[in-house]
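What follows is a set of notes on a single structure, which appears directly below.
Taken together, the values in this text are just the output of simple stated rules run on the coordinates, not laboratory data. From a predicted model like this one, the values you see are computed outputs, not experimental measurements. Counting neighbours? That spans all protein chains shown, and the Cβs are built from the backbone with ideal geometry, glycine included.
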Amino acid sequence: MAEIALFHSVLGVRPGVHDAARRLRAAGNEVLVVDQYDGRVFDDYEEAGRHVDAVGFPALTDRALEAVTPLRDGFVVAGFSNGAGMAEHVATQRVCGGALLFSGALPLDLLGGVRWRGETPAQIHYAQVDPFRRQEWIDALVGDITRSGAAVEVFDYAGRGHLFTDASLPAEHDPLAAATLWERAEAFCRDVS
């Protein structure tokens, strides 16, 4: 199975990240949970955003690359929200078997104009009414990936939650959508490993 680097959302390594790692491990994958906040977690998106601003996005992308140094080429990058941006950055800098982007997609221009590697397929998963969804960013990233020659799939889920796979966020959690997402993500990992 796949070796996976899993990046947390802007809220940090919450229970939903641990649940995701357990689920991916139960499917036979090796999972490295990357904690870019040294254990700090947030319940509020605005407070978490201020933390990201204080640390700085460039510092976080540097930490992301450093965290995956021990992994062999061909690992899968995965990330939630802000962590999807980290996964994208890593996928442009390392040879990755695939990228799973959950509730996050940044145009590559926002990552410094880097290029997507043509050998790195991707899946993008979003709730249709995610309050942080920017369709133009999704479209731009899909274009970036498609132009590289890599395959990309976009999956939309009915619902309003941002981190809809995280049961510890009951206002956002959508169990049916989460189950479908994990079926697709697990199949993706099997296919690229």
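Beta bridges from DSSP with both residues in the chain: antiparallel share about 5 percent, rounded to the nearest 5.
3J(HN,Hα) along region 146-160, derived from phi through the Karplus expression 6.51 cos²θ - 1.76 cosθ + 1.60 where θ = phi - 60°, amounts to 4, 4, 6, x, 7, 7, 9, 10, 10, 10, 9, 10, 4, x, 10 Hz, with x in place of Gly and Pro. Using a basic spin-label model with each label point 7 Å from the Cα along Cα→Cβ, how many nm lie between ARG160 and GLU30? Here the answer is 4.3 nm between the modelled labels. Shown in residue order for region 87-92 are the 3J(HN,Hα) couplings computed by the Karplus curve 6.51 cos²θ - 1.76 cosθ + 1.60 at θ = phi - 60°: 4, 4, 4, 4, 5, 8 Hz (x for Gly and Pro). Under 5 Å between amide hydrogens, built in the peptide plane, is the criterion, and for TYR157 it picks out TYR126, ALA127, GLN128 among residues at least 5 positions away or on other chains. With the simple spin-label model, which puts each label point 7 Å out from Cα in the Cβ direction, the ASP38 to ARG190 separation comes to 4.2 nm.
The gain in end-to-end length when the GLU153 to ARG133 segment is fully stretched comes to 5.6 nm, 0.36 nm per residue minus the alpha carbon separation. Would you work out which of LEU101, LEU111, THR69 lies farthest towards the positive end of the dipole of region 42-148, given +1 charges on the beta-carbon of Lys and Arg and -1 on that of Asp and Glu, about the Cα centre? Highest projection toward the positive end goes to THR69.
What the Cβ-Cβ distance of THR146 and HIS51 gives, at R0 = 35 Å and to the nearest 0.05, is a FRET efficiency of 0.55. Less than 5 angstrom separates the built amide H of PHE75 from those of GLY97, all sequence-distant by 5 or more or on a different chain.
State the label only: which of (i) 1.02; (ii) 0.92; (iii) 0.96 corresponds to Rg/Rh (Cα atoms, Kirkwood Rh) computed from the shown model? It is the value labelled (ii). Estimated purely from DSSP H runs of n ≥ 4, each contributing -39500 (n - 2.57), the mean residue ellipticity at 222 nm for the chain is -13000 deg cm²/dmol once divided by its residues. Placing pseudo-labels 7 Å out from each Cα toward the beta carbon at ARG72 and ALA167 gives an inter-label distance of 3.3 nm.
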